[in-house]
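Notes to accompany the following structure.
The values are calculated or read from the model by the stated rules, or taken from the named source; none is laboratory data. In this text, all values refer to a predicted model and were calculated from it rather than measured experimentally. Backbone-built Cβ (ideal geometry, glycine too); neighbour counts: all protein chains shown. Areas reflect the complete protein model, heavy atoms only, side chains present, ligands, DNA and RNA absent. Shrake-Rupley method; radii C 1.70, N 1.55, O 1.52, S 1.80 Å.
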Amino acid sequence: MTATVIDGKAFAAKVRGQVAEHVAKLKEEHGITPGLAVVLVGEDPASQVYVKSKGKMTVEVGMKSVEHRMDENVSEAELLAMVQKLNDDPTIHGILVQLPLPGHLNSDLVINSIDPAKDVDGFHISNVGLLGTGQKSMVPCTPLGSLMMLRDHHGSLSGLNAVVIGRSNIVGKPMAQLLLGDSCTVTIAHSRTKDLPSVVRQADIVVAAVGRPQMVLGDWIKPGATVIDVGINRIDKPEGGTRLVGDADYDSCAAVAGAITPVPGGVGPMTIACLLANTLTACCRANGLTEPEGLTA
Ligand SMILES: Nc1nc2c(c(=O)[nH]1)N[C@@H](CN(C=O)c1ccc(C(=O)N[C@@H](CCC(=O)O)C(=O)O)cc1)CN2
């Protein structure tokens, strides 16, 4: 079997188009422009690229984009004051602090200082609790994008066996909650799971989010299963230079799976598209307006 490639780049462009349509309507019918503020601390090269991309796409869908760059050595008090200022700003509906933060800053403290209603990353402990109890919340962008692609590919996910490899707060745990919400039978596996290949072989849906390049091999995959590859790892090429690979070994998995997301061009682009969708959702909720359909979990 050769897997269908789930094109995250094209899917993300479609989602951004839907967000742009809703934003235009919000402006026309209610005179409201959703606003997203992104805070970047330090000079991490990858974070700089992601933040620039977020700003560009926010403007492209017609939203207000605000970017705050803070020095690598900023104090926690200064960063918390910045978050508070954005919490108090009525033109800002979404706040995101780009991760990872430099080691001297307490990420949990900073994230939990964001107004949960503006927490478009869905990382605030209130949103984590709401998602875990099946209540309306802000949903983390990477798992939300993965869920959208799975729903689009399968239709109903009800009754399917899903194995999520990885237990991070940002991807693994919320992904498992979302799949449970769609009535999958969910296993959370990780690098210490005993006989991981045989656990993964039970899955109709495999979400690889373990952070190890090309770890999931084709002979771990049940024929016809769907592989969602969340990993983004830069590795050396034998001929020199580097390339991006996922947590799944693409060629061997694609030979067995029914469908697979590539890296790059799979889950990654959906992360920013869902950030924009979440900002729109936050803006609608803040103004007591109907939320856009199909853009939330
Ligand atoms: N506050 C947050 N920090 C981080 C998040 C997040 O969701 N919230 N996620 C990642 C980084 N990230 C967005 O912030 C992100 C990662 C990757 C991509 C993406 O489109 N990747 C491309 C490849 C890009 C490349 O060439 O390097 C792809 O997979 O096709 C978008 C956003 C960590 N921090």
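Observations
- Selection from the stretch 83-96 of residues that are surrounded by fewer than 18 Cβ atoms within 10 Å (Cβ to Cβ) and within 20 Å of THR33 (Cα to Cα): LYS85, ASN87, ASP88, ASP89, PRO90, THR91
- Single match in LEU80, LEU26, LEU109, LEU99 (criterion: modelled with pLDDT of 95 or more and either buried (at least 20 other Cβ atoms within 10 Å of the Cβ) or touching a strand residue (DSSP E or B) at 6+ places or on another chain (Cβ under 7 Å) (or both)): LEU26
- Which numbered condition LEU160 fails, given (1) away from the ligand (no atom under 16 Å from the Cβ); (2) closer than 15 Å to THR271 by Cβ: (2)
- Pairing residues of the stretch 261-272 that are under 23 Å from THR2 (Cα atoms) and open to solvent by less than 30 Å² (accessible area, probe 1.4 Å) with residues that are polar (S, T, N, Q) and more than 6 Å from the ligand (Cβ to nearest atom), at Cβ distances under 6 Å and at least 6 apart in sequence or on separate chains, gives VAL267/SER146; VAL267/THR261.
- Residue match in the stretch 127-139 (condition: crowded, with 22+ Cβ neighbours inside 10 Å and under 25 Å from ALA13 (Cβ atoms)): yes
- Among the residues of the stretch 239-257, those that are surrounded by 20 or more Cβ atoms within 10 Å (Cβ to Cβ) and in a loop (DSSP other than H, G, I, E, B) comprise GLY246, ASP247, ASP249, VAL256, ALA257.
- Taking the criterion of being away from the ligand (no atom under 16 Å from the Cβ) and surrounded by 15 or more Cβ atoms within 10 Å (Cβ to Cβ), the residues of the stretch 224-238 that qualify are ALA225, THR226.
- Of all residues in the stretch 51-68, those that are open to solvent by less than 40 Å² (accessible area, probe 1.4 Å), more than 15 Å from the ligand (Cβ to nearest atom) and of a type outside the set (A, V, I, L, M) total 1.
- Counting only strands (runs of 3 or more DSSP E) that fall entirely inside the stretch 158-238 and contain at least 1 residues that are of a type outside the set (A, V, I, L, M) and closer than 26 Å to ILE111 by Cβ, the qualifying elements are 226-229, 233-236.
- Against the test of being over 30 Å from ARG151 (Cβ atoms) and of a type in the set (Asp, Glu), the options ASP7, ASP71 yield a single qualifying residue, ASP71.
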